[in-house]
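Report on the following structure.
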Amino acid sequence: MMKVSNFVMTLICIAAAVSLTGGTLPEDGGSAPELYAQAGMPNPWTDQQTMEDAQLAVGFSFQTPKTIGTLKTVCVQTLDADIIQVFYRETEDSEEHVLLRKGFGNEDISGDYNVYSQSAVKTVGSYQVTLQGDDDRVMLATWVSGRFSYAVCAPAMTVEEVEAIVAAMK
């Protein structure tokens, strides 16, 4: 009964979002903040000025690389006191980005619900990292270490590129 109830609530939320956006959603699906705004829902993520601010907001540290190739940190956000996420882009207006997340718990915090054709578990340092992607390119890496879950969401990177990112995250 609970599954049916959750399904019905999901349909109601989708209908409300479509109704509030004039009956259509953007062709590209839109960004999360755009969709929240269109649906009249508050964005659950809080922008932080610095990584230090984010760490104070959640109560744990998050070590990330300064840059990822030519990409640099353009946005640091928190979700309640549970997750820090960091976006890397060439510029603030660039569509292509890499997203890094760290949060309390041992569940997948990536937010990526795609089904990929390839999946493998690889040891990176002391982590057992699940790599997922297509055409020998990695789009998602997830792992758990201690009390925390981690995720890297990327636009088709090599295994070596993702391993370097994972090794830099703590």
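Bear in mind these aren't lab numbers, they're just calculated from the coordinates by the rules spelled out. What you see is a predicted model, and the numbers here were worked out from it, not measured in a lab. We place every Cβ from the backbone using ideal geometry, glycine too, and count neighbours over all the protein chains shown.
In straight-distance terms, cross-link reach from Lys122 covers every one of the aspartates and glutamates whose alpha-carbon lies under 20 Å from its own, apart from those fewer than eight places away in the same chain; here that gives Glu107, Asp108, Asp112, Asp134, Asp135, Asp136, Glu160, Glu161, Glu163.
Which FRET efficiency value, to the nearest 0.05, is calculated for Val74 and Ala120 with the Förster distance at 30 angstrom and r the Cβ-Cβ distance? With a Förster radius of 30 Å, E is 0.50. With a ≥ b ≥ c the root eigenvalues of the C-alpha gyration tensor of segment 77-161, is it rounded (a/c under 1.5), prolate (a/b larger than b/c) or oblate? Judged from the Cα gyration tensor, segment 77-161 comes out oblate (a/c at least 1.5, b/c at or above a/b).
Would you mind pulling out the separation of the Cα centroids of segment 43-76 and segment 132-168, in Å? Between the Cα centre of segment 43-76 and that of segment 132-168, the gap is 17 Å.
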